[in-house]
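Q: This is the structure I want to talk about, given as structure tokens.
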Amino acid sequence: MLLEISDMRVHYGKIEALKGISLEVDEGEIVTLIGANGAGKTTTLKTISGLRPVSSGSIRFQGKNITKVPGHKRVLLGIGQSPEGRGVFPGMTVHENLLMGAYARKGDLSKDLEEVYGLFPRLAERKTQFGGTMSGGEQQMVAIGRALMTKPRVLLLDEPSMGLAPLLVAQIFDIIREINRRGTTVLLVEQNASQALQLAHRAYVLETGQVLKSAPAADLLNDPEVRAAYLGGDLGQPEEETSETG
Amino acid sequence: MKTAVEKPAKSGNPLTGARRGFGRAMDRVRDRWADAPWWQRWTVYVLLIGLALILPSDFFASFMSPHTHWPSLLFNPIGVYILLAVGLNIVVGHAGLLDLGFVAFYAIGAYNMALIGTKFGWNFWAILPIGILMTAVSGIILGAPTLRLRGDYLAIVTLGFGEIVRIIAENTDAIGASRGITNIPHPPNMFGLEFLLDPLPYYYLLVGVVVAVIIFARRLERSRVGRAWTAIREDEDAAEIMGVPTFKFKLLAFFIGAMIGGLTGVVWASKVIAIQPANFPFILSATILAAVVLGGSGNLPGVMVGAFLIAWLPERFRGLADYRILAFGAALVIMMALRPEGLLPSRQRKAELSEGSGTEASAEVGK
């Protein structure tokens, strides 16, 4: 197992946000966490990347217990994250944002930059534009590209479809598939459940801080309970599920 | 597809027009400067230092300060405020940590100079590094437990720290309580300058210190440390997951800011002979913060201009007697209303403040 979480509990003050979550991500997979608002999806990712402390339970990465390792050191181990709300540095140019992704490591970056610009030709056109002045879709590209610059073994993506038009969501999801094809494991958090389930190999359904269900993504797409709760029930086909546009 | 550069609609208001004109002119100067070859920059640096050296002359005094002794004014408050503002700029402008108790470091530096100077009779140059080190350590003592807080909470704790330092000084008999410390020694003479009652030698000393601190601050800003600070200021969580040890770098900002605050305190105390706790009120922290924000937080030339104006305007308005603070306040309000990002904001800072303007979904459908 590349990433193994067992019985992880996280508190915000006295409120228990994660009530004992266990999940596993294997090398080469795309795993998605779906669930409603407040289910604990973002908290799970933030805890894996080290932005939130664990109250109990453990996180193991490549067999090593990293529960107590601070966030900035987890990057070096190979955990890259594109955070909630993108978190692009607004006063840095696109290029500087990407270079920040490589802040913690040394060596020649030109090949990695070339790869990111290859994945996102749009960013290559806008190297010198400030992050803060870009559109939502472009910022999402910067956030993913910047996470790739950390050379992650596993890439944590927090709601890459948030606030984007449907066409752009499809484009971002294609790129995620391509990133995975090139060998990076992906752990994806999404509200846009139907799209996420179509992309992922396996999925976990989270509800109020607990894992409700876990199964191959294709099975969940046809699961009546999941369909009713997250895919708009019988009202529509999963393909017609619209993304939230901002 | 719109390229998101600020191109505001034309306004009928002539004041708005003038304001935007000024903004554009400043932007052009800044961009020219960014592209200028090294010899042009150095020429300007040398000219500026030359200007600083001839600034105390009667010629400048006649129109800069008709009411007050100009060289005294140049040392304190102008020089002192500039140095404090450069220090606070590292904490507030670079690392983005709101510090409302910066005066504490100034006080600790000054008390180090006063105490060691009077009790052990040490020389100014021997006390200087000790004073700087002690304030830097106090910066760590303040920062280590409090830097886990963010934003407003951090501001409140630092405000408390500033008050604690002053109140301790007021209530500790060993350091003179509210009477403070008197008979602080002056720096020894050097280069034919006699450090006695004439403010001029102190002014030249301060110019030297300011130049050294600016070089130091500039180098930091352009280093890996500076980039880490920028990342922390813009998005702390994102910085952490890029591998920036955010806590360590925030502590470093406090450390270096405190060093510069302490340095200012040592230099200032070596001139004034006597210091009291009342010299370090909260309002001084607030004034220096106002200088940083007014000038353009994060931009070194802007911050210095801001500090200069904050220190100089009340003295320039002295002819208005009781109304001078009113005029000073009005000048601040007008400047901030016209230039909300500060008089000389950095390009980066402007982009940060305009964040969100590009996030509407409208722009991304037509591709």
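Q: What total accessible area, in Å², is buried where chains A and B meet, using a 1.4 Å probe and rounding to the nearest 100? Can you show the working numbers first?
A: Numbers: alone 11370 and 18950 Å², together 27210 Å².
Counting both chains, the buried surface is close to 3100 Å².
Q: Between the DSSP loop rule and a limit of at most 16 other Cβ atoms within 10 Å, which GluC sites (Glu not before Pro) in region A:1-52 are left?
A: On the way: sites: A:Glu4, A:Glu16, A:Glu24, A:Glu27, A:Glu29; in loops: A:Glu27, A:Glu29.
In loop regions of region A:1-52 (DSSP not H, G, I, E or B), the sparsely surrounded GluC sites (Glu not before Pro) are A:Glu27.
Q: A further question follows. Kirkwood hydrodynamic radius for region B:121-267: how many Å is it when counted over pairs of different Cα atoms? Numbers along the way, then the final one.
A: Working: mean 1/r = 0.0563 Å⁻¹.
It is 17.8 Å.
Q: Using a 1.4 Å probe on the heavy atoms of the protein chains only, list every residue of region A:122-144 that has 20 Å² or more less accessible area in the complete assembly than in its chain alone.
A: The answer is A:Arg122, A:Arg126, A:Phe130, A:Gly132, A:Thr133, A:Ser135, A:Gly136, A:Gln139.
Q: Give me P(r) over region B:77-346, computed from all C-alpha to C-alpha distances, binned every 5 Å, as integer percentages.
A: Each 5 Å bin holds this share of Cα pairs: 1, 6, 12, 17, 19, 17, 13, 9, 4, 1, 0, 0.
Q: Scan region A:155-205 for trypsin sites (Lys or Arg not before Pro) in coil per DSSP, keeping those whose Cβ has at most 14 other Cβ atoms within 10 Å, and list them by number. Each step should come with its number before you reach the end.
A: Numbers: sites: A:Arg177, A:Arg181, A:Arg182, A:Arg202; in loops: A:Arg182.
Taking region A:155-205 and a limit of 14 other Cβ atoms within 10 Å, the loop trypsin sites (Lys or Arg not before Pro) found are A:Arg182.
Q: Loop-only trypsin sites (Lys or Arg not before Pro) in region A:19-113, please: DSSP not H, G, I, E or B, and at most 15 other Cβ atoms within 10 Å. Kindly include the intermediate steps, with their values, before the conclusion.
A: Numbers: sites: A:Lys19, A:Lys41, A:Lys46, A:Arg60, A:Lys64, A:Lys68, A:Lys73, A:Arg74, A:Arg86, A:Arg105, A:Lys106, A:Lys111; in loops: A:Lys68, A:Arg86, A:Arg105, A:Lys106.
The qualifying sites are A:Lys68, A:Arg105, A:Lys106.
Q: Next up: Work from the charge dipole of the protein assembly as shown (Cβ charges, +1 for Lys and Arg, -1 for Asp and Glu, about the Cα centre) and give the residue of B:Leu263, B:Gly295, B:Gly23 farthest towards its positive end.
A: B:Leu263
Q: Shifting gears a bit: Could you grab the Rg to Rh ratio for region B:195-344? Cα atoms only, Kirkwood for Rh.
A: 1.02
Q: Let me ask you something else. Carbon and sulfur: what percent of the protein assembly as shown's accessible surface (1.4 Å probe)?
A: In the protein assembly as shown, the share of accessible area belonging to carbon and sulfur is 61 percent.
Q: Could you point to the residue in B:Ile127, B:Pro188, B:Ala307 farthest towards the positive end of the protein assembly as shown's charge dipole, with +1 and -1 charges on the Cβ of Lys/Arg and Asp/Glu respectively?
A: B:Pro188
Q: Can you give me the Cα centroid spacing of region B:297-322 and region B:201-260 in angstrom?
A: Region B:297-322 and region B:201-260 have Cα centres spaced 24 Å from each other.
Q: Give me the 1.4 Å probe accessible area per residue for region A:95-201, excluding ligands and nucleic acids, in Å².
A: On a per-residue basis, region A:95-201 sits at 34 Å².
Q: Taking beta carbons within 10 Å but only from partner chains, what does the mean come to for residues B:225-235?
A: Per residue, the average neighbour count from other chains is 4.
Q: Please state the charge dipole magnitude for region B:77-346, taken about the Cα centre, from unit charges on C-beta atoms (+1 on K and R, -1 on D and E), reported in debye and rounded to the nearest 20.
A: That gives a dipole near 360 debye.
Q: To continue, here is another question. Under the rule a/c < 1.5 gives rounded, and otherwise a/b versus b/c splits prolate from oblate, where does region B:51-132 land using the Cα gyration tensor?
A: It comes out oblate by the Cα gyration axes.
Q: Given the -39500 (n - 2.57) contribution per DSSP H run of 4+ residues, what per-residue ellipticity at 222 nm results for the protein assembly as shown, rounded to the nearest 500 deg cm²/dmol?
A: One gets -17000 deg cm²/dmol as the mean residue ellipticity at 222 nm.
Q: Viscosity 0.692 mPa s, temperature 37 °C: Stokes-Einstein D of the protein assembly as shown from its Kirkwood Cα radius, in µm² per second?
A: The estimated diffusion coefficient comes to 121 µm²/s.
Q: Please report the relative contact order for chain B, taking Cα pairs under 8 Å with a sequence separation of at least 6, and give it as a percent rounded to a whole number.
A: Relative contact order for chain B comes out at 28 percent.
Q: Rounded, prolate or oblate: which fits region A:25-81, taking a ≥ b ≥ c as square roots of the Cα gyration tensor eigenvalues, rounded meaning a/c under 1.5, else prolate when a/b beats b/c? Write out the running numbers ahead of the final one.
A: Numbers: a/c = 1.76, a/b = 1.24, b/c = 1.42.
Oblate, since a/c reaches 1.5 and b/c is not below a/b.
Q: Give me the inter-chain shielding for A:40-52: mean count of other chain Cβ atoms within 10 Å, whole number please.
A: 1
Q: What does the charge dipole of the protein assembly as shown about its Cα centre add up to, to the nearest 20 debye, if the Cβ of each Lys and Arg holds +1 and the Cβ of each Asp and Glu holds -1?
A: 1680
Q: Over 18 Å between Cα atoms, which of A:Lys41/B:Lys250; A:Lys73/A:Lys106; A:Lys14/A:Lys68 qualify?
A: Among A:Lys41/B:Lys250; A:Lys73/A:Lys106; A:Lys14/A:Lys68, the Cα-Cα distance tops 18 Å for A:Lys41/B:Lys250; A:Lys14/A:Lys68.
Q: Moving on. Helix B:151-171: angle to the longest alpha-carbon principal axis of chain B, degrees 0 to 90, nearest 10?
A: 10
Q: Could you work out the relative contact order of chain A? I mean the mean sequence separation of Cα pairs under 8 Å and 6+ apart, divided by the number of residues, in percent.
A: Dividing the mean separation by the residue count of chain A yields 26 percent.
Q: Need one word for chain A: rounded, prolate or oblate. Basis is the Cα gyration tensor (sqrt eigenvalues a ≥ b ≥ c); a/c below 1.5 gives rounded, then a/b vs b/c decides. Walk me through the numbers on the way to the answer.
A: Values: a/c = 1.72, a/b = 1.19, b/c = 1.45.
Oblate, because a/c is 1.5 or more while a/b does not exceed b/c.
Q: In terms of the ratio Rg/(2.2 N^0.38 Å) built on C-alpha atoms, what value belongs to region A:17-156?
A: 1.10
Q: For peptide A:100-109, how many partner chain Cβ atoms fall within 10 Å of a residue's Cβ, on average?
A: That average works out to 3.
The values are calculated or read from the model by the stated rules, or taken from the named source; none is laboratory data. Every value quoted in this text rests on a predicted model; they were computed, and no experiment measured them. For neighbour counting, all protein chains shown are included, and Cβ atoms are generated from backbone atoms with ideal geometry for every residue, glycine included. Each accessible area value is taken on the protein alone, full model and side chains, heavy atoms only, with ligands, DNA and RNA left out. Shrake-Rupley method; radii C 1.70, N 1.55, O 1.52, S 1.80 Å.
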